[in-house]
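Read the structure below first, then the notes.
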Amino acid sequence: MIHAFFGSLLAFSLFFCMLIFSEVGRRIGAARIAHDPDGLPKGVGAAEGAVFGLLGLIIAFTFSGAGSRFEARRHLITEEANAIGTAYLRLDLLPGEAQPELREIFRRYVDVRSTVHLNLGDETTTRARRAETAALQRVIWTKALNACRRPDAAGHAAMLLIPALNSMIDITTTRTMATRNHPPAVVFMLLAGLSLIASLLVGYDVSTNKGRTWFHILAFAAIMSLAYYVILDLEFPRLGLIRIDAADQVLIDLRKSMQ
């Protein structure tokens, strides 16, 4: 909720700044008209078109990238559940005496993994859960290797179980890095800056009207601010209003199947 408030604050700040820039642009245009009987200069459409074209391009790229990363993070949850489920099923290849302890550790492991990304805003808790994840992985790996070396273990136990454990462990690093994969801050700064410049140009263009045309200016500022907020929210799907928490249900269902 803190991130949602912060994102909303940024969006509202951009909205009001765009209104201010629009008014500044209108006053600049009005002053130009007052001092020049010919009105606003001609031939500036190409420059304005370049600014609005670049603005649209950056919005398209940032929105598309944020949406792609949002979907990728959801798919990674399913991939991790599949990797854990596969490794859990292949415990059947181990000797019967070694299975109960490993299965119990797997249950604890799924309990941790289903909660490790729930509250990324709490860095202390997140680090503790990741450390617990690493500790459980070491225990699982050691006990699985020892079980595979037992004389009564199936001959192909190590060949099938070890790669499954590798996949289960590797996906945790992939998910951790996915939470940190964001565009550089300068991209968001550029998007906000271009929005303000575009507002300035909008205000400058409408200065030829006798009165203020608030409808179009408000609509432009509102749409741009909303797009900015949605992009930010998609980039941080564990912290804002647009969330991927529902995707964790696959891990919860996996845990129930381990009873």
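The values are calculated or read from the model by the stated rules, or taken from the named source; none is laboratory data. Only a predicted model underlies this, so the values are computations on that prediction, with no experimental measurement involved. Neighbour counts are summed over all protein chains in view; Cβ atoms, including those assigned to glycine, are modelled from backbone coordinates with ideal geometry. Please note that ligands, DNA and RNA were not included when accessible areas were found on the heavy atoms of the full protein model with its side chains. Shrake-Rupley method; radii C 1.70, N 1.55, O 1.52, S 1.80 Å.
General remarks:
- Relative to the current alpha-carbon distance between A135 and M189, full extension at 0.36 nm per residue lengthens the span by 15.5 nm.
- The fraction of accessible area contributed by carbon and sulfur in the chain is 67 percent, rounded to a whole number (1.4 Å probe; ligands and nucleic acids excluded).
- Segment 129-181 and segment 95-128 have their alpha-carbon centroids 12 Å apart.
- Modelled FRET efficiency - R0 25 Å, A154 with Q259, Cβ distances, 0.05 increments: 0.50
- Net charge contributed by nearby residues that have their C-beta within less than 11 Å of G203 (K/R +1, D/E -1): +1
- With θ taken as phi - 60° and the Karplus curve 6.51 cos²θ - 1.76 cosθ + 1.60 applied, the whole-hertz 3J(HN,Hα) list for segment 223-235 is 5, 5, 5, 5, 4, 4, 5, 5, 4, 4, 5, 5, 6 Hz, x standing for glycine and proline.
- Candidate values [x] 22.0, 71; [y] 27.5, 99; [z] 18.9, 58, label of the one derived for Rg and Dmax of the Cα atoms in Å: [y]
- Approximating the spin labels as points 7 Å out from Cα along Cα→Cβ, the A219-to-V51 distance works out to 2.0 nm.
- Derived scalar couplings ³J(HN,Hα) [segment 16-23; Karplus, 6.51 cos²θ - 1.76 cosθ + 1.60; whole Hz; x for Gly, Pro]: 6, 5, 5, 5, 5, 5, 4, 5
- Over the chain, accessible surface divided per residue gives 53 Å², non-protein components excluded, 1.4 Å probe.
- Summed residue charge, Cβ within 15 Å of D170's Cβ, Lys/Arg positive, Asp/Glu negative: +2
- Near L254: Cβ cut-off under 14 Å, other residues only, Lys/Arg at +1 and Asp/Glu at -1. The net charge is +1.
- The figure for H182 is an accessible area of roughly 50 square angstrom, using a 1.4 Å probe on the protein chains alone.
- By a 1.4 Å probe calculation restricted to protein chains, R127 has an accessible surface near 140 Å², given to the nearest 10.
- Computed from label points 7 Å out along Cα-Cβ, the spacing between N166 and V112 is 2.2 nm.
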